[in-house]
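Notes follow once the structure below has been shown.
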Amino acid sequence: MSKTTRTTLPGDSPAPGSRDLPPLAVDHDRLRAAVREILIAVGEDPDREGLLETPDRVARMYAEVFAGLHTDPAAYLQKTFTQKHDEMVLVKDIEFSSMCEHHLLPFSGKAHIAYLPNGQIVGLSKLARVVDTVARRPQVQERMTEDIADLIMTHLKARGVGVVVEASHSCMTIRGVRKPAAMTITSSMRGGFLDNPATRAEMMALVFGRQ
Ligand SMILES: [Zn+2]
């Protein structure tokens, strides 16, 4: 399973004696300076009126879209309820937006999560919280899909997990190949969803089938 918590940002060295402090949030001063540099580098005047507040605005935006770097998604899966329900639980159409780590451009779409409980269920909104936390990091869709599946498999001790993510990537729509209609679909199957084609087919029919 990939790492799900980070206590420092890349490039930051922890201050002496800071071990017991909460994880570092983004460094606003550094972000503001970096955005100002970008504006100069592209040939803009960062001191013209329309851009004066931009470095600060962008710094606050990054703090928001990367808030998942400072939250452990597993925390949402600690409180479970005993429930004798051994059929599939599916939450579909969980909207999310994330940032592609290759271009720092947004990608957004929907995640669909199904699991086969093993005597323990979790509050349905917690699945959406897990998606949000994992999405609010520099990401690639493939890893995001895997991480969500592994988190649920591990912390709910589920008999199986299926995660399908569909998203549109602005790094494909506004630059490069410029294919605005392209959707990327990724899936990660574990346990019963991997071993049993009927279970997987049932999930896909519920997610993509017309009702
Ligand atoms: Zn990209």
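Computed from the coordinates by the stated procedures, all read-outs in this text should not be read as laboratory data. Computed from a predicted model, the values in this text were never measured in an experiment. Heads up, the Cβs are rebuilt from the backbone with ideal geometry, glycines too, and the neighbour counts pull from every protein chain shown.
Taking other Cβ within 10 Å of each residue's Cβ, how do Val130, Val91, Val161 sort, fewest first?
Starting with the residue having the fewest Cβ neighbours, the order is Val91, Val161, Val130.
Of Pro46, Val58, Met172, which is farthest along the charge dipole of the chain in the positive direction, counting Lys and Arg as +1 and Asp and Glu as -1 at C-beta?
Met172
Among Met204, Met153, rank each residue by its count of other Cβ atoms within 10 Å, from fewest to most, as a rough exposure measure.
Sorted ascending by nearby Cβ count, the order is Met204, Met153.
Counting other beta carbons within 10 Å of each Cβ, put His103, His155, His85 in order, fewest first.
His85, His103, His155
Taking the Cα centre of region 68-207 as origin, sum charge times position over the Cβ atoms of Lys and Arg (+1) and Asp and Glu (-1), and report the length of that vector in debye to the nearest 20.
Roughly 200 debye, rounded to the nearest 20.
Under the rule a/c < 1.5 gives rounded, and otherwise a/b versus b/c splits prolate from oblate, where does the chain land using the Cα gyration tensor?
Since a/c reaches 1.5 but b/c is at least a/b, the shape of the chain is classed as oblate.
Would you kindly state how much longer the chain becomes between Glu101 and Ser125 on full extension, computed as 0.36 nm times their sequence separation minus their alpha carbon distance, in nm to one decimal?
Answer, rounded to one decimal: 6.0 nm.
Which distance in Å, rounded to a whole number, links the C-alpha centroids of region 28-68 and region 103-166?
31
Select from Leu151, Phe193, Ala181 the residue farthest towards the positive end of the dipole of region 138-196; place +1 on Cβ of Lys and Arg, -1 on Cβ of Asp and Glu, and compute about the Cα centre.
Sorting the options by dipole projection puts first Ala181.
Given a Förster distance of 25 angstrom, what is the FRET efficiency for Glu64 paired with Ala182, based on the Cβ-Cβ distance and rounded to 0.05?
After rounding, the FRET efficiency stands at 0.40.
Given a Förster distance of 22 Å, report the FRET efficiency between Arg175 and Arg30 from their Cβ-Cβ distance, rounded to the nearest 0.05.
The computed FRET efficiency comes out at 0.30.
Please compute the length gained on full extension between Thr154 and Leu90, using 0.36 nm multiplied by the number of residues separating them and subtracting their Cα-Cα distance.
Result for the pair: 21.3 nm of gain on full extension.
Multiply the residue gap between Arg57 and Ala74 by 0.36 nm, knock off their C-alpha separation, and tell me the result in nm, one decimal place.
3.1 nm
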